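To keep things clear, I will list the structure first and then write my remarks on it.
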Amino acid sequence: MAAYGTTSRDYLARAYALRASSRPEALLYAALEIRCGIEARLQEYLEGAAKVAIVKRDLWKIRHLVREVESAFDVYTKAVPVWFIHPDTGQKMKIEYTPVTPRLRKVGEELGGFLHYTPAHKLVSAGFIERLTKIVDAGIQGLAFATRGTLLGPPSGSGPKNEQIRLMFEEGRMPALLGTRTDGKLILRAILVSKDHERAILKPV
């Protein structure tokens, strides 16, 4: 039997294929794949968080997963890009953290309402398929964004005085440039959160 992929990108790929089908029941299967894909992406972020903090395991509800992720990372609603510049060639390389957005979380919870027994009269009622189609499309779009990045969390400080920047990559997705060099130039867009006479705190944007 062929292996059944359980990464967030595996679920997204199956959702794309099901959405392309003309069969009405395929929409329900796509909804299930998206719902599982959202949970999988949050679990992947927790795996990254577990490398730097203690996190709870065996969670499955989206709101509980989100709460645990946000206890380890700051809250982000947009992508956090990081640019590397090759010190010899000047070539630029972009990596990013793409969060599960509040909108996608809501989509995941709304999809749950469709993944139960549905009486026949509701299936043929006006607007049922249209509503499901709309939310499936929103889920595919949101999950595609969340899985676009290769970082398992936003850039974070490390070291005794946070003098280093930690980047946690998905397995097998660290850029070759970082594997062959010990130096380089880094561009990170950030906003000033607070400051005093001794230090400034920046947040990536």
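The values are calculated or read from the model by the stated rules, or taken from the named source; none is laboratory data. Please read all numbers here as calculations on a predicted model, not as lab measurements. Positions of Cβ are generated from backbone atoms using ideal geometry, with glycine treated the same way; all protein chains shown enter the neighbour counts.
Structure values in brief
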quantity	calculated
The range 102-119 - residue that is part of a helix (DSSP H, G or I) and of a type in the set (Gly, Ala, Ser) and, of those, surrounded by the fewest Cβ atoms within 10 Å (Cβ to Cβ)	112
Tally of residues being part of a loop (DSSP other than H, G, I, E, B) and at pLDDT 90 or above across the range 19-61	2
Lone unmet requirement of (1) modelled with pLDDT of 70 or more; (2) within 30 Å of residue 127 (Cα to Cα); (3) loosely packed, with under 14 Cβ neighbours inside 10 Å for residue 89	(2)
